[in-house]
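A.B. asks: I have a structure here, written as structure tokens, and I will follow up with some questions on it.
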Amino acid sequence: MSLNALLNPSSVAVVGASSRVGALGQRVLDNLQRSGFMGAVYPIHPSETRLAHWDCFPTLDALPEAPECVAIGLAAERVLPILEQAANRGAKAAVVFASGFSEVGQHGQRMQKSLADFCRSSGMKVCGPNVLGVRNLHRQFALYSAPLANDAPRGGVAIAAHSGSACVALSGTGRFGMSHVVSMGNSAALDVEDYLEHFAEDPDTRVACLFLEAVRHPDRLAAAAIRMRAAGKPVLALKVGRTAKGAAASAAHTGSLATSHAAASDFFRRAGIEVFDDLDELIETCALFDAVRKASSGNGLAVINISGGEVALTCDLGHELGLSLPSLSDDTSRALSTILPSFGTAANPLDATSAALSDPSMYAKAMNALLDDPGVSLLAVSQDCPAGLSDAAAIGYGRLAQTAVETEKTSRKPVVFYSNVAGPLHAATVAPLRGTPVPCLQGARPALVAVRAFLRWHSWTAVATLPPVDVQSIPAWQARLATGDALSEAEAKRFLQDHGVRIAREATAGSVQAAVRAADDIGYPVVLKVDSPDIPHKSDAGGVALSIRNAQEVATAFHRIHESVKRHHPSARIHGVVVQEMVQGGVEMIIGTAQHPPFGRGVVVGAGGVLVELMNDSAFALAPIGRARASDLVGQTRAARLLAGYRGEPAADRPALEELLVRIAAIADAYADSIETIELNPVAVLPAGQGACPLDALIIPRKINH
């Protein structure tokens, strides 16, 4: 989508222009002048004849030509009539600064809907409402209400933020050059995906930097991210609202494990968008991508320093962040042994020792040896350079920075310089890095996060979106689910069995006599559970009895279960009990699904049993998933160590668990419109070769609003 009329117009009108110092209209005119905009500017004021150095006009209709873009600096109630006038006059775009729309209640929401409806019908490209505005630094254009810095650096990073203050923070760092700054505000008409589509085609943009408060159109955002990637342009994002409540409202444990943040994170991963936890990480990554001109071809990171202690810090942080710091090849180790002083040790990260300060040529040879290693994709030069250094020390460290720049010129691989502490940095040390393809990053953790994002972006591959397992919905079950009534455990297990899931042998019983007959048929020991669609967590209500070994224990457990669940849930419907074979041994896991609008359904796996929420050991992915992704999810859990055979226990059938996870994800996909949640807890993962068997099942139909 081209947004040239908004971001690179030939002419603009400012409705609400003013000569009053501090007024919004005055600030917008001042910023147009300060930015050096060379197009036509038409201030609109009912009585003024001249503002700044521009002729003023009373209305849009009085202009000598149709303005390509209109800035509206009026109160919310006056915005829509002005937009209508602008469209009738021939304007193609507008910036709406006013607040007082969806953020203030129902009246504001109605006004915003009317604004959005008008934009759709008229085709006007409108930024806002509730924004600071837009800037295009390469075209010297700003329809912007916040003060502009005189020396904002131009470059390849396009900033788009829902938050105005985030725009100010990100654009004011001076850490990277910018192509655009877009305050998206309430995004009534244009949202992040529209700006990304424009940035993908914009010759001045190399990187998109996003600050997101919401994702409203995930399919369009993913498509825009793919267009950015096709253009070789990374999308870097900070998504706020990670602690939003909502999972607690779910009747299933899965709701507290598969959070909306987990769904958003997996969506971004699938879309190839790199996501960060704070502004420092985002800023350092923007600085890295804006400077570096070489791609990485793997995930191996080498780090060089002149301090053994900070090498250890790098090892710690690298492990925490999941970075690959590969062992050096034999050839690299031999080469380094001839380069380093006798007290140096060839390793990655490499301590080149303080001898590098007096012998930069040795330092250069060590860097080249690391870059020549086949397992290394990027070299990071770790060097402290705080502003408080003595001038002599700063000059010495500056020689190391200059060596990094010279080494990068002849390397096929990227080189990054970072200070282990954040700024301010000593000017003499970092001066050689300015304007070069070697970025100077600040702070060990943010810098290594940035490096991780760089390596990950270059190695990203698209995820298949078709279910790998063919699960067809069954009309009878669709009809049952359409009633909206909760399924009892027995029904849920029949549903699973009808869709290819192995379950334990069991039978329902409405009386003691029937329960005893069922137990005799199944064979002792057995498990008794209350059979009720109204009690999702049976253990909490005393609705489960384990290790029942004879008929007398069956009778005792039957009565005890009924008494307990009636006490806990007096109004619950009780159909009797489920008598189930007692599957013994194995590792208890949980598999579940959850719906997370707007991203859709996903699947979760983790440590199961009655302590599932206490353990909080789980991994989540949006459905559908393949076997490789299922294996990755299981591997992310701490319970993976139990599955591998912990402290002498036999290894569990992890492949069977992964196959079950894939199938449940496919079932959730096939019944996306009918099932809110599936939860299997626990799933007994039996010793290797014996399979995985759900011991309890919960299925919650989706509530359909008629």
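A.B. asks: Enter the accessible area per residue of the stretch 105-210 (Å², integer; probe 1.4 Å; all protein chains in place).
C.D. replies: Values: 3490 Å² over 106 residues.
Result: 33 Å² per residue.
A.B. asks: Relative to the first principal axis of the alpha-carbon coordinates of the chain, what is the inclination of helix 308-321, with its axis defined by its Cα atoms, in degrees from 0 to 90 and to the nearest 10?
C.D. replies: With both axes taken from Cα atoms, the answer is about 60 degrees.
A.B. asks: Helix-only mean residue ellipticity at 222 nm, the chain, DSSP H runs n ≥ 4 weighted -39,500 (n - 2.57), per residue, nearest 500. What is it?
C.D. replies: Taking each H run of at least 4 residues, the total per residue is -11500 deg cm²/dmol.
A.B. asks: Suppose a student asked you for the relative contact order of the chain, using Cα pairs under 8 Å spaced at least 6 residues apart; what percent would you report?
C.D. replies: Details: 1537 pairs, mean separation 62.5, N = 706.
Averaging sequence separation for qualifying contacts and normalising by length gives 9 percent for the chain.
A.B. asks: Per residue, how much accessible surface does the stretch 633-706 expose to a 1.4 Å probe? Answer in Å², no decimals.
C.D. replies: Result: 43 Å² of accessible area for each residue.
A.B. asks: Please tell me the relative contact order of the stretch 383-422 in percent, rounded to the nearest whole number, where contacts are Cα pairs under 8 Å and at least six residues apart.
C.D. replies: 65 percent
A.B. asks: Right, next: Roughly how many percent of the accessible protein surface of the chain is carbon and sulfur, given a 1.4 Å probe and a whole-percent answer?
C.D. replies: That share works out to 50 percent.
A.B. asks: Name the residue farthest towards the positive end of the dipole of the chain from the options Val104, Ala369, Ala490, assuming +1 on Cβ of Lys and Arg, -1 on Cβ of Asp and Glu, about the Cα centre.
C.D. replies: Farthest along the dipole direction, towards plus: Val104.
A.B. asks: Then there's this: Using a simple charge model, +1 on the beta-carbon of Lys and Arg, -1 on the beta-carbon of Asp and Glu, nothing else, what dipole does the chain show about its Cα centre, in debye to the nearest 20?
C.D. replies: Using only the charged Cβ atoms, the result is roughly 680 debye.
A.B. asks: Same structure, new question: Would you mind classifying the chain by shape? Square roots of the alpha carbon gyration tensor eigenvalues, ordered a ≥ b ≥ c; an a/c under 1.5 is rounded, otherwise it is prolate if a/b is larger than b/c and oblate if not.
C.D. replies: In terms of gyration-tensor shape, oblate.
A.B. asks: Using the alpha-carbon atoms, what tilt in degrees (0 to 90, nearest 10) does helix 106-122 show relative to the longest principal axis of the chain?
C.D. replies: 70 degrees
A.B. asks: Still on this structure, please answer the following. Which order do the peptides 378-390, 438-450, 178-190, 512-524 come out in when sorted by mean C-beta neighbours inside 10 angstrom, highest first?
C.D. replies: In descending order of packing, they fall as 178-190, 438-450, 378-390, 512-524.
A.B. asks: Of Lys233, Lys409, which has the most accessible area and how do the rest follow, probe 1.4 Å?
C.D. replies: Sorted descending by solvent-accessible area, the residues read Lys409, Lys233.
A.B. asks: Next question. Using a 1.4 angstrom probe, figure out how much accessible area the stretch 313-460 has per residue, in square angstrom, rounded to the nearest whole.
C.D. replies: With the other protein chains kept in place, the stretch 313-460 gives 41 Å² per residue.
A.B. asks: Please name which of Ala692, Ala346, Pro437 has its Cα lying farthest along the dipole of the chain towards the positive end, using unit charges on Cβ (Lys, Arg +1; Asp, Glu -1) and the Cα centre as origin.
C.D. replies: Checking the options against the dipole of the chain, the answer is Pro437.
A.B. asks: Right, another one. Arrange the peptides 621-627, 309-315 so that the one whose residues have, on average, the most other Cβ atoms within 10 Å appears first. Mind showing how you got there, number by number?
C.D. replies: On the way: 621-627: 22.3, 309-315: 17.1.
By packing density, highest mean first, the sequence is 621-627, 309-315.
A.B. asks: Hey, another quick one. Where does the stretch 1-74 land on Rg(C-alpha)/(2.2 N^0.38 Å)?
C.D. replies: Normalised by 2.2 N^0.38 Å, the Cα Rg of the stretch 1-74 equals 1.03.
The values are calculated or read from the model by the stated rules, or taken from the named source; none is laboratory data. Here the structure is a predicted model, which is why all the values come from computation and not from measurement. With ideal geometry, Cβ positions are generated from the backbone for all residues, glycine too; neighbour counts draw on all protein chains shown. Please note that ligands, DNA and RNA were not included when accessible areas were found on the heavy atoms of the full protein model with its side chains. Shrake-Rupley method; radii C 1.70, N 1.55, O 1.52, S 1.80 Å.
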